[in-house]
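Trainee: Please see the structure below; I have some questions.
The values are calculated or read from the model by the stated rules, or taken from the named source; none is laboratory data. All of these numbers come straight from a predicted model, not from anything done at the bench. As a convention, Cβ positions derive from the backbone with ideal geometry for all residues, glycine included, and neighbour counts pool all protein chains shown. Areas reflect the complete protein model, heavy atoms only, side chains present, ligands, DNA and RNA absent. Shrake-Rupley method; radii C 1.70, N 1.55, O 1.52, S 1.80 Å.
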Amino acid sequence: MYKELINDINNQLTGSSAEEIIRTCAENFKDKLVFASSLGLEDQAITHIIASNNFPVSIFTLDTGRLFYESYDLIEKTESKYKIKINIFSPNTNKLQELVNEKGINMFYYSIENRKACCEVRKIEPLQRALKGNNAWICGLRREQSVTRKDLDIIEWDENNGLIKVNPLLNWTENQLNDYIKTNKIPYNTLHDNGFPSIGCAPCTRAIAEGEDIRAGRWWWESPETKECGLHKRG
């Protein structure tokens, strides 16, 4: 059933704007559509579209417990500007405590397995709680962001979470995104002005040098092929 629906919506949305994509998905999935914001430029643009059009889409973000101060500040600025509530999902306290006590507070630097275990507790499990009971979720993924995102579709089946994923900005370029943020005076993380094009947890994110890939500052000690936390793993 979902495969046919996904194909139908993808065909219907060929060449559509991000606003049209979100509107169509809101009409199809009703109150079973949610938006997962990572507070990046892409997600701020999507928040602007949802709030400006009063689309009935619930917005949530994951507080891993190790975000930058600027990320927390952006949550408040966004809620204030758009008069909305961003729901916060945090890690399970017991699971996080067990992980840290077993592997160390900064275990993610020492192996990919450790880093993925940290992401599992701080991101993936809270995401699963946030998505429970819904039929589709919106993400801010773009093809330009990473080699791991080249073959995504606007509407696709998320096998790991058992629901449909919507990528309304999939074909946007970085210049297009930056122009949209400026034109619409959308609040954004001030770290973007200091060499941070992609922002995650503070210990796992650094500023990049001119000419580096936009995801070079995320888990910079790993190879590009492993630079996903598991939130957007396919299959």
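Trainee: Counting Lys and Arg as +1 and Asp and Glu as -1, each charge on the Cβ, what is the dipole of the chain about the Cα centre in debye, to the nearest 20?
Mentor: 460 debye
Trainee: Taking only the C-alpha atoms, wrap a convex hull around segment 68-194 and report its volume per residue in Å³ as a whole number.
Mentor: Values: hull volume 20.3 nm³, N = 127.
Once divided by residue count, the hull of segment 68-194 is 160 Å³.
Trainee: For the chain, just run the numbers: alpha carbon Rg, then divide by 2.2 N^0.38 Å, N being how many residues it has. Before the final figure, lay out each step's value.
Mentor: Numbers: Rg = 17.2 Å, N = 235, 2.2 N^0.38 = 17.5 Å.
Dividing the Cα Rg of the chain by 2.2 N^0.38 Å gives 0.98.
Trainee: Of the accessible area of the chain, with the probe set at 1.4 angstrom, what percent is carbon plus sulfur?
Mentor: Details: 5540 of 11680 Å².
Summing carbon and sulfur atoms, their accessible area is 47 percent of the total for the chain.
Trainee: Determine the calculated [θ] at 222 nm for the chain from helices alone, applying -39500 (n - 2.57) to every DSSP H run no shorter than 4 residues and normalising by the residue count; nearest 500 deg cm²/dmol. It would help to have the intermediate numbers written out before the result.
Mentor: Details: 8 runs with 85 residues, N = 235.
When only DSSP H runs of four or more count, the value is -11000 deg cm²/dmol.
Trainee: Between Glu210 and Glu79, 0.36 nm times their residue separation minus their Cα-Cα distance comes to what?
Mentor: 43.9 nm
Trainee: So what is the accessible area of segment 50-111 per residue, in Å², with the probe set to 1.4 Å?
Mentor: Accessible surface, normalised per residue, equals 59 Å².
Trainee: Could I ask something else about it? Using 7 Å Cα-to-Cβ label points, what is the Asn87/Tyr2 separation (nm, one decimal)?
Mentor: 1.8 nm
Trainee: Hey, rough spin-label estimate for Lys95 and Gln128, points 7 angstrom out along Cα→Cβ, what's it come to in nanometres?
Mentor: Each label point is offset 7 Å from its Cα along the Cβ direction, giving 0.6 nm.
Trainee: Beyond a 26 Å Cα-Cα separation, which of these cross-linked pairs lie in this structure: Lys85/Lys123; Lys30/Lys85; Lys32/Lys123; Lys116/Lys185? Don't skip to the end; give the middle numbers.
Mentor: Values: Lys85/Lys123 20 Å; Lys30/Lys85 18 Å; Lys32/Lys123 21 Å; Lys116/Lys185 36 Å.
Too far apart for the 26 Å limit: Lys116/Lys185.
Trainee: Can you work out the FRET efficiency for the pair Asn178 and Asp153, with r the C-beta to C-beta distance and R0 = 22 Å, to the nearest 0.05?
Mentor: 0.35
Trainee: Can you tell me which of 37-48, 167-178 comes out highest on packing, and rank the rest after it, using the mean Cβ neighbours within 10 Å? Walk me through the numbers before you get to the answer.
Mentor: Details: 37-48: 23.8, 167-178: 18.3.
Descending packing order for the listed peptides: 37-48, 167-178.
Trainee: Using amide H atoms built in the peptide plane, which far-off residues or other-chain residues are under 5 Å from Asn160 H to H?
Mentor: Sorted by chain and number, the residues that satisfy this are Gly235.
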